[in-house]
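A.B. asks: Take this structure first; my questions come after.
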Amino acid sequence: MERERVILPDMIRKKDIPKYFPMSRTKGEEIFKLTWEEAERGDKIPIQCTAEYDSLKYISRKAYAYYLHYGMRLQDSIARKLVPPFSAVEYQDYI
C-alpha cells in the first residue's frame, strides 16, 4: 500500500512565492534558498518548517516571512545573537 504525501497548507514552493509575497520570482528563489539553508542550520528556524519530497522543496510561509524580516541580521554573526528564534504564533499575522 502506498503512503499518501501530505503537504501542509502553510507550505510553499519556490515558484509560489510571488503569489504570497510582493517580489520577483528570481529574488524570491534567492531568499528561499537562504531560508532553506537557515532551517538546515536549525538554531533560528526549526527544520520542521521545511519539507522535501523527491526534488520538490517546501518551506513554511511563516518561516519565509520571518527570514524576510530578520534576514540581514541573520547573515551577520554579531547581530545574529540578538535575533529571537522563530515563533509561528508571532508570525501568524504576517500571513
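A.B. asks: With respect to residue 42, determine if the residue is more than 9 Å from the chain's Cα centre (by Cα) and at pLDDT 90 or above.
C.D. replies: no
A.B. asks: Something else now. Six or more apart or on different chains, Cβ under 8 Å: which pairs go from a residue in the range 28-42 that's among the aromatic types (Phe, Trp, Tyr) to one that's open to solvent by less than 60 Å² (accessible area, probe 1.4 Å)? Could you list them?
C.D. replies: 32/17; 32/59; 32/64; 36/50; 36/59
A.B. asks: Only residues that are within 20 Å of residue 89 (Cβ to Cβ), open to solvent by 30 Å² or more (accessible area, probe 1.4 Å) and aliphatic (A, V, I, L, M): list them for the range 37-58, please.
C.D. replies: Listed by number, the list holds a single entry, 47.
A.B. asks: If you don't mind, there's one more thing I want to ask. Go through (1) in a helix (DSSP H, G or I); (2) open to solvent by less than 20 Å² (accessible area, probe 1.4 Å) and name the single condition residue 68 misses.
C.D. replies: The one condition residue 68 does not meet is (2).
A.B. asks: Could you grab me the full set of residues in the range 9-30 that are surrounded by fewer than 17 Cβ atoms within 10 Å (Cβ to Cβ) and of a type in the set (Gly, Ala, Ser)?
C.D. replies: 24
The values are calculated or read from the model by the stated rules, or taken from the named source; none is laboratory data. All values derive from a computational prediction rather than experimental measurement. Every residue, glycine among them, receives a Cβ derived from its backbone with ideal geometry; neighbour counts consider all protein chains shown. In case anyone asks, the SASA skips ligands and DNA or RNA and just uses the protein heavy atoms, side chains included. Shrake-Rupley method; radii C 1.70, N 1.55, O 1.52, S 1.80 Å.
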